[in-house]
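Only one structure is covered here, and it is reproduced in the block below.
What follows is calculated from the coordinates using simple rules that are stated; it is not laboratory data. Everything quoted here is computed from the prediction, not taken from an experiment. Note that we place each Cβ from the backbone using ideal geometry, even for glycine, and neighbour counts take in every protein chain shown.
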Amino acid sequence: MGTEMNRHSRIASSREVGMRENSDAHPFSLANFDRIVGAKLYFGFRMNSRVLVLNASFEPINVCTARRAVVLILKGVANAEESSAQWLHSSRFSMPMPSVIRLIEYIHIPFERKSLSRKNILLRDHNTCQYCGRVFAPQDLTLDHIIPRSRGGDSAWENLVTCCRSCNNRKGDRSPEGAGMRLLRRPQAYNLHVNRQIIRYLGRADEAWRKYLFY
């Protein structure tokens, strides 16, 4: 997606950025952006906060950091659709912290399988043990092979679920049926539906995202 965005970076002028300028000269240049966002006095951890990315059609397609979102806005690739109450400040300009951005031109994004990782499995399962149904902090969860590896089970989306330590110890090296346990739901392979579920989960606490997550 980054390559496509860069190809469209010249389609909008800096007037679309929606910044408040404090001088007659244009306040921004990409050359000194790293120096601007490096000013922890102004930004701190906020530049790592999550921002929802919409296609030009308003379809949610990704989640990026606030830092990446600001770069896309200032390069003319995207516009801010929603902003938080926080502001970004430099000596020459101020702009609200974006929470939702929309690409100016529609880009076709071919579906790709997301990499199989502990983080992505936990996101798919919403940090919920798939046996007891309780929600845990990520550090208190592990992954369980439904069909144990000792019995030929693969490390695949369809054979891995989020599991708490207690349920993992109870199940041991057995199938759920052999341990007298039941899955809340059969795990899904990564697909477009799962991707949107993950985006909804990441944005569950941000009210500004909700009206865009109906897809």
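Distances between placed amide hydrogens fall under 5 Å for L88 paired with M95, M97, all partners being 5 or more residues away or on another chain. A DSSP coil position with no more than 16 other Cβ atoms inside 10 Å describes the following GluC sites (Glu not before Pro) in the stretch 64-150: E105, E112. In this structure, the amide hydrogen of V63, modeled 1.01 Å from its nitrogen in the peptide plane, lies closer than 5 angstrom to those of V53, counting only residues at least 5 positions away or on a different chain.
Around I147, under 14 Å between beta carbons, what's the net of Lys plus Arg minus Asp minus Glu among the other residues? If you can, show how the numbers build up before the last one.
Working: positive: R149, R151, K171, R174, R186; negative: D144, D154, E158, D173, E177.
For residues surrounding I147, the net value is 0.
The chymotrypsin sites (Phe, Trp or Tyr not before Pro) of the stretch 93-154 that meet both conditions, a loop assignment by DSSP and at most 10 other Cβ atoms within 10 Å of the site Cβ, are F111. Working note: Karplus 6.51/-1.76/1.60 with θ = phi - 60° gives the stretch 180-192 the couplings x, 10, 10, 6, 4, 7, 6, x, 9, 5, 5, 8, 4 Hz, where Gly and Pro are set to x.
Here the calculated FRET efficiency for R151 and Y201, from their Cβ-Cβ distance with R0 = 25 Å, stands at 0.20, rounded to the nearest 0.05. Counted by Cβ distance under 15 Å from R204, the other residues give a net charge of +3, where Lys and Arg count +1 and Asp and Glu count -1.
Here the calculated FRET efficiency for S94 and N48, from their Cβ-Cβ distance with R0 = 22 Å, stands at 0.65, rounded to the nearest 0.05. What are the trypsin sites (Lys or Arg not before Pro) within the stretch 68-118 that DSSP puts in a loop, where the Cβ has at most 13 other Cβ atoms within 10 Å? In loop regions of the stretch 68-118 (DSSP not H, G, I, E or B), the sparsely surrounded trypsin sites (Lys or Arg not before Pro) are R113.
Centre-to-centre, using Cα atoms only, the stretch 64-105 and the stretch 148-215 are separated by 33 Å.
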